[in-house]
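Q: Here's a structure for you.
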Amino acid sequence: MSLLPQVPIGTQPGTPGPFTPSGPSIPQFPDMQGSFSSPIGPPPGPGAFSPQPFSPPPQGAFGPQGGQQVQAPTSPPPQFTPPKPLVSTFAVDPGAMFGCLFRYTFVWLTNGDRFWMYPVFIGRTSVAGFRWSGRFWFYFGVDTNRIESFSCFW
């Protein structure tokens, strides 16, 4: 028994004719000229609120290199709010946050927002990672000049 598609005798795969095998069954729709176009609708895959892998840019950054994919944490952050550090500067140096990569980090922004974050990428002027909404993690990025203070935990 063969697992290959059965092709009627006298036809070749990929050539026009009564039967042309074409891989998975994805509906095709004719366009105005009579030829077939790509399927209509969203691409197959996870829903809009499913965690998506993140692949950070590899040039000049701290974090995963070469297109490695990272996932959001699988557990929520600690259930406490740490005390805000007494010393803060006008803008946070990205190198100072390097020790917080892939660790739960509490962030205070200059606009008063405060939240748990899980940084996965640190660039020259920005930090990116997953931010806790109170119920789930979502991908988030922020300029370091908007960060007033931060504190990371192991």
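Q: How much accessible area per residue does the range 80-141 have, counting only protein heavy atoms and a probe of 1.4 Å, in square angstrom? If you can, show how the numbers build up before the last one.
A: Numbers: 3470 Å² over 62 residues.
Spelled out: the 1.4 Å probe surface of the range 80-141, per residue, equals 56 Å².
Q: Further question on the same structure: Kindly write out, for the range 139-154 in residue order, the coupling ³J(HN,Hα) from the Karplus curve 6.51 cos²θ - 1.76 cosθ + 1.60 (θ = phi - 60°), rounded to whole Hz, with x marking Gly and Pro.
A: Going residue by residue, I get 6, 8, x, 8, 6, 5, 6, 8, 8, 7, 7, 7, 8, 10, 10, 9 Hz, with x marking Gly and Pro.
Q: Right, another one. Looking only at the range 96-116, which residues have a backbone nitrogen under 18 Å from a spot 7 Å from the Cα of residue 135 in the C-beta direction?
A: Label zone hits: 116.
Q: Please say if the range 88-136 is rounded, prolate or oblate, where rounded means a/c under 1.5 for a ≥ b ≥ c the square roots of the C-alpha gyration tensor eigenvalues, and otherwise the choice is prolate for a/b larger than b/c and oblate otherwise?
A: On the way: a/c = 2.05, a/b = 1.20, b/c = 1.71.
Taking the square roots of the gyration eigenvalues as a ≥ b ≥ c, the range 88-136 is oblate.
The values are calculated or read from the model by the stated rules, or taken from the named source; none is laboratory data. Note that the structure is a prediction, hence the values are computed from the model and not measured. Cβ coordinates were reconstructed from backbone atoms using ideal geometry, including for glycine residues, and neighbour counts include every protein chain displayed. Please note that ligands, DNA and RNA were not included when accessible areas were found on the heavy atoms of the full protein model with its side chains. Shrake-Rupley method; radii C 1.70, N 1.55, O 1.52, S 1.80 Å.
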